[in-house]
1. Counting only protein heavy atoms and using a 1.4 Å probe, what share of the accessible area of the chain belongs to carbon plus sulfur, as a whole percent?
2. Restricting to DSSP loop positions (anything but H, G, I, E, B) with no more than 12 other Cβ atoms inside 10 Å of their own Cβ, which chymotrypsin sites (Phe, Trp or Tyr not before Pro) remain in region 1-109?
3. Suppose each label sits 7 Å from its Cα in the direction of the beta carbon; what would the GLU33-THR108 distance come out to in nanometres?
4. Considering amide H positions built from the backbone, and no H for Pro or chain starts, which residues 5 or more places from SER121, or on another chain, come under 5 Å of its amide H?
5. Report the longest stretch of the chain that contains none of the GluC sites (Glu not before Pro) sitting in a DSSP loop with at most 12 other Cβ atoms within 10 Å.
6. If you take the square roots of the eigenvalues of the alpha-carbon gyration tensor of region 1-87 and sort them as a ≥ b ≥ c, do you get rounded (a/c under 1.5), prolate (a/b over b/c) or oblate?
7. I need the shape label for the chain. Rule: rounded when a/c is under 1.5, else prolate if a/b > b/c, else oblate, with a, b, c from the alpha carbon gyration tensor.
8. Pick from VAL216, VAL98, VAL144: which residue has the top mean-square fluctuation in a GNM of the chain where Cα pairs under 10 Å get a spring?
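The values are calculated or read from the model by the stated rules, or taken from the named source; none is laboratory data. Note that the coordinates shown come from a computational prediction; the quantities given were computed from them, not determined experimentally. Backbone-built Cβ (ideal geometry, glycine too); neighbour counts: all protein chains shown. The area values use the complete protein model at the heavy-atom level, side chains included, leaving out ligands, DNA and RNA. Shrake-Rupley method; radii C 1.70, N 1.55, O 1.52, S 1.80 Å.
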Amino acid sequence: MDQQSVIPVFYPAQLLKRYKRFLADVRLPDGSEITIHCPNTGSMKNCVLPDSPCWYSVSASKTRKYPQTLEVVSTPGGHLAGINTARTNELVGDALAVGVIRELQGYTAIKREVVYGDEKSRIDFLLSGHPQDARLCYLEVKNVTLMETEGQGYFPDAVSERGSKHLRELMLMVAQGHRAVLLFCVQHTGIQQVSPADHIDPVYGATLRAAIAAGVEVIAYAAQIKPAQGLIVLDQSLPVLY
């Protein structure tokens, strides 16, 4: 499988503003302005820079009110960030298929969105069929775009009860004899390491450390982002500091 971006075409524009969570106004190269869909439920803290370059994709769907989707933005620090969280699992899926994520190599079967746990959750990926490890591997993925100091990434960018719930579910899987992994998918070209955002969500930070102590593995991989080439791929392991 060729590790190519799941986004076939990026179109350049200038980001004017993001509002009502799911909308953004952009200016096209011809000077016209349009409203497009912003597919990110988080705060997008430090990822919204008015009058900065951005890139969007276009859906072929005839039923969408806003066929254009914001994909990549410029950050105040001069870096790029992939803010479409719907792309995150596709990036990880591609990376798993070509063996980029070395900690997860060797599995022969991959299922997505499998119901599990005690809190009605869906695991992003369920891996099995490893020739040297008979355990099921539960893989939860989180998109990281928050950088507050140069090189330092954080998750989450807003209080995330859902994130803490997923950590509890992963701990339960370890207790039941399975393997559980949390993968931070870093879509920010300036981030060089990832930590829990205790200053934003101290409960998540405490839960993450409890999960690690319970045997949940935590890893991070960064994306190469080249919007002019229509390219986003996971290709680099990053340290997680906790």
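1. 51 percent
2. Values: sites: PHE10, TYR19, PHE22, TRP55, TYR56, TYR107; in loops: PHE10, PHE22, TYR107.
Listed in order of number, the matching sites amount to none.
3. Modelled inter-label distance: 5.8 nm.
4. Answer set, sorted by chain and number: TYR116.
5. Working: sites that count: GLU119, GLU150.
The segment 1-118 is the longest one with no such site.
6. On the way: a/c = 1.35, a/b = 1.11, b/c = 1.22.
Rounded.
7. Numbers: a/c = 1.91, a/b = 1.58, b/c = 1.21.
Taking the square roots of the gyration eigenvalues as a ≥ b ≥ c, the chain is prolate.
8. VAL98
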